[in-house]
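Please read the structure below before turning to the comments.
The values are calculated or read from the model by the stated rules, or taken from the named source; none is laboratory data. All values derive from a computational prediction rather than experimental measurement. Here the Cβ positions follow ideal geometry from the backbone for every residue, glycine too, while neighbour counts run over all protein chains shown. The protein model used for the area step is the full one, side chains on, heavy atoms only, and it has no ligands, DNA or RNA in it. Shrake-Rupley method; radii C 1.70, N 1.55, O 1.52, S 1.80 Å.
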Amino acid sequence: MNYQALADLLFPNVTDTPESLEERFPLRNVPEGAVITRMAPSPTGFVHLGNLVQGLTSERMAHQSGGVLFLRVEDTDAKREVPGAVEVLIDTLKHYGIQFDEGATHDGDNGLYGPYRQRQRAGIYHVYAKKLVSEGQAYPCFCTEEQLSAMREQQEANKETTGYYGKYAMWRNRSMEEIQEQLDAGNPWVLRFRSAGSIENQFKFDDLVKGKLTITENDVDHVLLKSDGIPTYHFAHAVDDHLMRTTHVVRGDEWLPTLPFHIQLFKALGFKLPKYVHIGPLMKMDGNSKRKLSKRKDPELALTYYKAEGFPVEAVYEYILTILNSNFEDWRRANPDAPADSFKFSPKKLNPAGSLFDYAKLTDVSKNVISRMDAAKVYTLLTEWAKEFDPDFYEKLASDPEYATKILAIGRGGKKPRKDLAVWKDAKPYMGFFYDEYLEAPVFDEKFDKATVLDALTRFLQKFEIADDSNTWFAKVKEITEEMGFTSDMKAYKADSAAFPGTVADISTFIRVAATGKTNSPDLYTVMQILGYDRTVQRIQSAMETLK
Ligand code: GLU
C-alpha cells in the first residue's frame, strides 16, 4: 500500500506540514522547571467544585513555578455546548482567584498558541492526521453503525472484550481500490489509529498523583477523526498539548482508562509526553460509606451554591487547599496572616483516591477566614452578598455603613477573634437586632417571676450611664445582683444553689433580652455603646412594658 498516496487522497487540501506548525508554535521561553498547563473544559455550562479543584491545582502548579496557565475550550461536541458557558467559566474561576494567562477569552483569544477553541483548529488536526496516514499509522474506516453493533453483539456473545481491535478491525488492511470505491460512493468514514499495541504487554508509568502505575498496552484502533472531520478528545488533546507546549496535563481521573492510548498516540506522533496529574473525584460520606459527589444529589457540588449561602471566596479557596494538601492546616496555623497563595502547593500530596468533602470542615475554615478579616472588609463582602441575596438587609446595611461597620468590628482583631460568622447568611440572625425592624419581642425565662425581672431592669436603668467604661458598667450589674440577693460568686452558687434566686448571669440575661431580644449576643456593654443611650433605654423600657 502506498500510504503517501492514501494520505493525499484523504486530505487533498492539507498543505501545511508538522514542521511548519513546529515553527509557528515554537518552544516557550520559560525558566527551567516552569509548568505550562491548561484547563480544557467542554463548554457545558455547569461549573462545579471539581472544576475549582482542577483549576486551583493547575493554577498553583503554573504560577508557583513561573509557568503559564491557559484556557482551551474543548468544543468538539457541538451537541453538548451551552451558549455562554465559556464566559461563565472564565468569570467564575476569576471570582475564585484563578486567572488565565492566555487562551480563550469572552470574545476571542489571548496568546500566541491559539486558536484556543478546538473547532477552530480543524485544519491543524488534519495536518497530523495526514502525517499518520502517510506513515501507515492511521486509516479510514467505512463501517456503518449497524456493522459496529453487530460486531459488539458477536463479541458479547463470545464473551470477548468489545471494541475495534485485532481481527475485528475490519478496515485495517484494505486495499487502495476498496477505499477508493467507498469514497467514490460518497460513503462517510472515520479515521482510525492503527494500534501496534498488545494487551500481552505492560509497562510502568509515573503519574504525579496516582504514583507508579502498571499500564497494559492499548490494542484498540480508536477513532481519531469523526466522520465530520472533527477530532475526538484523544487526538485533539495530543495535538493541542504538544503545540501549546503543555508540560503537565492536569485532569480528572476518568481519563485513566484511555491513558494507554494517549501515551501510544504521543509516541506515534513523535511528541514528547507531558507529565500527567490525574485528580481523583470529590467524595463525601453518605452514612458510613464514601461516594462521589453527584450533580443530581448534592447541591453543594455547584459553585453557585457557595455564592448563595454566602461563603467568602477566600474561604472556599482555603478549604480546597485544606482538602488537597494535608499540610495546609499546619501551615495556616503557623502563618495565620499570610496570603493563601504563599503556601507551597504540591500535587503529590493529593489523595490518589480523591478528596473527601466535608461541609462541617468547610464551615470551620470559613469561620476562621472571616474572623481574620477586618470590619471594613467584612462590611464590603457582606453588603455585596446581601445586595443579591437579601435586599432588605442590604438596604439596612447600606443606609449607614459606619453603624454597620461598628457592629461588625465587635470582637475583631486581637489574638482570639470571635467566630460568629461562617457564611454571610449568618449575619442577619447574629446582628439583626441592631436594626429596630428586626428586633424580636423579648422572651424572659419563666423561671423568674415578672416582678423580679422588672426590678432588675428598673435598677439597671437607674444606674446606666453611656459614658461608663466596661468595668464600671459591669460593676453596676454586679451591684444590682447583690442588691437583689442574687450572687456574683459562681462557686458559692454551685455549692449551694438553693441559697440564691440566681446569679449575675441571670441578671445580665434579663438586661440582654430586654436590649437585644436575644439570650445570646455579642458583648452587651459594646452592644449598648453602639446602640447609644436613648435607644438602649427605650428598648429596655418597651421590654418592661411587656412585663406589666
Ligand atoms: N474536555 C475534557 C473534559 O472536560 C478535558 C480533559 C483534559 O483536561 O484534558 O473532561
**Report entry** Criterion violated by T37 - all others in (1) in a strand (DSSP E or B); (2) away from the ligand (no atom under 12 Å from the Cβ) satisfied
**Finding:** (2)
Requested in this report: Out of the residues in region 264-279 that are more than 13 Å from F193 (Cα to Cα) and either among the hydroxyl-bearing types (S, T, Y) or more than 11 Å from the ligand (Cβ to nearest atom) (or both), state the one that is nearest to the chain's Cα centre (by Cα).
Outcome: Y276
Query raised in the report: Is there any pair linking a residue in region 431-455 that is more than 17 Å from Q541 (Cα to Cα) to one that is of a type in the set (S, T, N, Q) and surrounded by 12 or more Cβ atoms within 10 Å (Cβ to Cβ), with Cβ under 9 Å and at least six apart or on different chains, and which?
Result: M431/S521; D445/T509; D445/T519
Query raised in the report: Does A492 satisfy being within 18 Å of Q462 (Cα to Cα) and open to solvent by 30 Å² or more (accessible area, probe 1.4 Å)?
Result: no
Query - Pick from region 133-145, criterion outside any loop (DSSP other than H, G, I, E, B) and surrounded by fewer than 19 Cβ atoms within 10 Å (Cβ to Cβ), ranking: modelled with the lowest pLDDT - result: E145
Requested in this report: Take the residues in region 202-233 that are surrounded by 19 or more Cβ atoms within 10 Å (Cβ to Cβ) and within 13 Å of the ligand (Cβ to nearest atom), then tell me which one is nearest to L52 (Cα to Cα).
Outcome: T232
**Report entry** Matching residues in region 58-94 - criterion: being surrounded by fewer than 19 Cβ atoms within 10 Å (Cβ to Cβ) and hydrophobic (A, V, I, L, M, F, W, C)
**Finding:** A78, V82, V88
Requested in this report: Could you list all residues from region 525-534 that are in a helix (DSSP H, G or I) and in contact (Cβ under 8 Å) with a residue 24 or more places away in the chain?
Outcome: Y525, T526, V527, M528, Q529, I530, L531, Y533
Report task. Output the number of the condition that P257 fails; it satisfies all remaining conditions of (1) out of contact with any helix residue (DSSP H, G or I) (no Cβ under 9 Å at 6 or more places or on another chain); (2) over 19 Å from D219 (Cα atoms). Result -> (2)
Report task. Name every residue in region 100-120 that is surrounded by fewer than 17 Cβ atoms within 10 Å (Cβ to Cβ), in contact (Cβ under 8 Å) with a residue 12 or more places away in the chain and not charged (D, E, K, R), in order of residue number. Result -> T105, H106, L112
Requested in this report: Report, ordered by the first and then the second residue, all pairs with beta carbons closer than 6 Å, sequence separation of six or more or different chains, a first member in region 267-285 that is under 30 Å from E19 (Cβ atoms), and a second member that is open to solvent by 40 Å² or more (accessible area, probe 1.4 Å).
Outcome: A268/Q137; P274/T247
Query raised in the report: Do we find a residue being under 30 Å from Q182 (Cα atoms), away from the ligand (no atom under 14 Å from the Cβ) and open to solvent by 20 Å² or more (accessible area, probe 1.4 Å) anywhere in region 18-26?
Result: yes
Requested in this report: Working carefully through the options A340, A302, A308, A315, find the one that is touching an Asp or Glu at 6+ places or on another chain (Cβ under 6 Å) and touching a residue at least 12 places away in the same chain (Cβ under 8 Å).
Outcome: A340
Report task. Please indicate, with yes or no, whether at least one residue in region 44-57 is surrounded by 15 or more Cβ atoms within 10 Å (Cβ to Cβ) and either away from the ligand (no atom under 16 Å from the Cβ) or of a type in the set (D, E, K, R) (or both). Result -> no
Report summary line: Matching residues in region 241-253 (more than 7 Å from the ligand (Cβ to nearest atom), outside any loop (DSSP other than H, G, I, E, B) and surrounded by fewer than 23 Cβ atoms within 10 Å (Cβ to Cβ)) number 4
Requested in this report: Would you check which residues across region 446-463 are in a loop (DSSP other than H, G, I, E, B) and touching a Phe, Trp or Tyr at 6+ places or on another chain (Cβ under 8 Å) and list them?
Outcome: F448
Query raised in the report: Could we say that K130 is assigned to a helix (DSSP H, G or I), open to solvent by less than 60 Å² (accessible area, probe 1.4 Å) and among the basic types (K, R) here?
Result: yes
Query raised in the report: Does at least one position in region 80-89 carry a residue that is more than 13 Å from the ligand (Cβ to nearest atom) and closer than 21 Å to V313 by Cα?
Result: yes
Query raised in the report: Which residue out of K425, K415, K406 is open to solvent by 40 Å² or more (accessible area, probe 1.4 Å) and at pLDDT below 95?
Result: K415
Report summary line: The residue that is farthest from K416 (Cα to Cα), considering only those in region 333-345 that are modelled with pLDDT of 95 or more and open to solvent by less than 30 Å² (accessible area, probe 1.4 Å), is F345
